[in-house]
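Just so you know, all these numbers are worked out from the coordinates, no wet-lab data involved. What you are looking at is a predicted structure, and each value in this text was computed from that prediction instead of being measured. Methodologically, a virtual Cβ is constructed for each residue, glycine included, from the backbone with ideal geometry; neighbour enumeration extends over all protein chains shown.
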Amino acid sequence: MNLTIIGTGYVGLVTGTCFAEAGHHVICVDNDEAKVNLLKAGGMPIYEPGLPELVEKNTAAGRLRFTSSTQEGVEGSDVVFIAVPTPPQPDGSVDLSFIEGVSREIASAMTAYKIVVDKSTVPVQTGEKVAETIKRYRKTKVEFDVVSNPEFLREGFAVEDFMKPDRVVIGVSSPRPVAAMKEVYAPYQAPVIVTDINSAELIKHASNSFLALKISYINAISVICEKSGANVQEVANGMGMDARIGREFLDASLGFGGSCFPKDLSAFIRISESMGCRFGLLEEVQRINAAQMDRFLKKIHDTLWVVKGKTLGVLGLAFKQNTDDVRMSPAIELCQRLLKEGARLRVYDPQAMEKARAVLPEPQYVSDMNDVAEGCDALIIATEWPQFKRLDLERARKCLSHPIIFDGRNMFDTEEMERLGFLYKSIGRGKA
Ligand code: UGA
C-alpha cells in the first residue's frame, strides 16, 4: 500500500520505516528541512537500536522516502498518518496545535478520498476535532475518514515492539476505513481490535497511566520494604508470577521519566478534570514518583551528610536503557539537584552524553564507565543500562575515596556488594 507518515520523531520514523520493511511504499514528511536532509543523506536524528539499518535498507529498495512537502505526502498516499508531537502546556494539558496545523494542511492538500489516521497520543475526542477541522478546510467536498490508531512502542525497543505488537487498536466512526487499516497491519499478524474513536484514544492514555501506576505501586512497596527489611525484588517476583499481575513494570527505581509517562499522566488528570471527574489515584501516582527521587537524595544525604564540595560519579543520563533520550530523565534531575547543592559530578552514559551536554553542561563527561569513579567520594547508578552490570567493581572500590555506591536501579546483588567491601544503598532492599 502507499502510506504517508507526517512527523519523523520517535513514533513517526519508526512507524514509517517498519511499514516499509513490511513491504508498503512509505513517504515520511517533516517540516524540519534539516532533519529531512539528514535522513536523505543517511543520517539518524535519534539513537534507536536496529533502526538505521532498516532505514538504509528500505530507502535503497525504494520503499521509503523523505520530504518536507505535506502536499507531496498527501497526494502520494491513500492513508495518511499523523505522528506529530503533542507537548505539555504549563498547566499539564496537551498542546494540540501541531495536530490542528497538520489537519489543516492535509485538508487543503486532499483531492481524493483519504484515510487520516492519528497516531499521536491525544486527549479523548481529538478525532472529532480533527474531522471538523478537515471538513472546514478542505477545498472541495472530497470524502475522508478519521481513524485513531494509538502506538504502544517503547523507546529503545521500538522496532521490535512495532514488528511484534501485543495488539493493534483501530478506532473508527464508520466501517469504510476498516479493511484498509487491517491491510496496513496484515504483515504483522497481530490481534486487531476495532473500536469507536473515543475508546481508541482512551486506550492509549489509560494504558500509559496504568503502567505508570504499576511502577509507582512497586515504588510505594519499596518504601515498606525499607522500613521492614524485606526485599522489593523478591516481592515483585512473587507478585509477578500471578498471571493477572505480571512481572513487567514492577522494577522499583528512582522514578519513571521520559517524554511519555510524566506528560501523559498530567494530561489524563487534566482531561478527567475537564469532564468533572477528579482522578485522585493518578495524582497519587505522580506524588509517589516525585517522592521516590526525594527519598533517593535523602539516602545520599544520610550517608555523605554534606554534598557540597564532594565529587560524585554518575552512571547513566538517559531516562532509561537503550536510548539517547534525556527528556524528563530522572538521572538528569538527580544531577541537577546535586549540582545545585554544590557537588562536582563525573558522568557517563553509553549513548546520551551528547544530548545530556545540551541540558547539563557543568559535569565532567567521562568516556569510559570504568573511569568514572576516579577521584570520587561515591558512585551513583541512575539508568539501568545492562552494561553497568559489567562494571569493574574491584577497580571502582580502589578508585573511590570511600567505597560507597548508591544504586537507583537495583543493578547488583546486595550481599555480593557487601562482600566486595562496598557500602551499597539501593531501592527497597533491606532496611534503609
Ligand atoms: C512508554 C510505554 O511503555 C509505551 O508503551 C508507549 O508507547 C510510550 O510510553 C509512549 O507513549 O510513546 P517509554 O516512555 O519509551 O514507553 O518507556 P518505558 O519503557 O515505558 O519506561 C518509562 C519509564 O519508566 C523509564 O524511566 C523507566 O526507567 C521507568 N520504569 C519502567 C521503571 O522505573 N520501572 C519499571 O519497572 C519499568
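With respect to the cross-link table entries 308/425; 35/57; 263/431; 40/141; 182/320, which display a Cα-Cα separation exceeding 29 Å? Cα-Cα > 29 Å for 263/431; 40/141; 182/320; rest within. Computed over the range 301-383, the convex hull of the alpha-carbon atoms projects to a mean area of 4.8 nm². Cβ-to-Cβ counts within 10 Å put 414, 383 in ascending order as 414, 383, the fewest first.
Measuring spread by the Cα atoms of the range 2-190 yields a radius of gyration and Dmax of 15.6, 46 Å. At a Förster radius of 22 Å, what calculated FRET efficiency corresponds to the Cβ-Cβ distance of residue 152 and residue 173, to the nearest 0.05? That gives a FRET efficiency of 0.50. Rounded to two decimals, the Cα radius of gyration of the range 230-425 over 2.2 N^0.38 Å is 1.08. For the range 287-326, the square roots a ≥ b ≥ c of the C-alpha gyration tensor eigenvalues yield an a/c of 1.5 or more together with a/b not exceeding b/c, which makes the shape oblate. log10 I(q)/I(0), Debye, Cα-only the chain, no solvent, q = 0.07, 0.09 Å⁻¹? The Debye formula, applied to the Cα set alone, gives -0.39, -0.63. Estimated from helical segments only, the mean residue ellipticity of the chain at 222 nm is -13000 deg cm²/dmol, where each DSSP H run of four or more residues counts as -39500 (n - 2.57). Using alpha carbon centroids, what distance separates the range 222-238 and the range 289-365, in Å? Cα centres, the range 222-238 to the range 289-365: 25 Å.
Model label points for residue 136 and residue 248, set 7 angstrom from Cα along the Cα-to-Cβ axis, are 3.9 nm apart. Please compute, over every Cα-Cα pair in the range 146-275, the percentage with a separation greater than 21 angstrom. Looking at the range 146-275, the distances longer than 21 Å represent 54 percent of pairs. The relative contact order of the range 285-363 comes to 32 percent, based on Cα pairs under 8 Å that sit 6 or more residues apart. A Förster radius of 51 Å, combined with the Cβ-Cβ distance separating residue 416 from residue 207, puts the computed FRET efficiency at roughly 0.90. Could you tell me the center-to-center distance, by alpha carbons, between the range 126-179 and the range 390-426 in angstrom? After rounding, the separation between the Cα centres reads 48 Å.
Per-residue Cβ neighbour counts within 10 Å put 216, 97 in the sequence 97, 216, beginning with the fewest. Counting beta carbons within 10 Å around each of 299, 135, 431 and listing the fewest first gives the order 431, 135, 299. Legend: calculated FRET efficiency, residue 302 to residue 182, from the Cβ-Cβ distance at R0 = 41 Å, rounded to 0.05, equals 0.10. Over the range 2-190, Cα pairs under 8 Å with separation of 6+ residues give a relative contact order of 21 percent.
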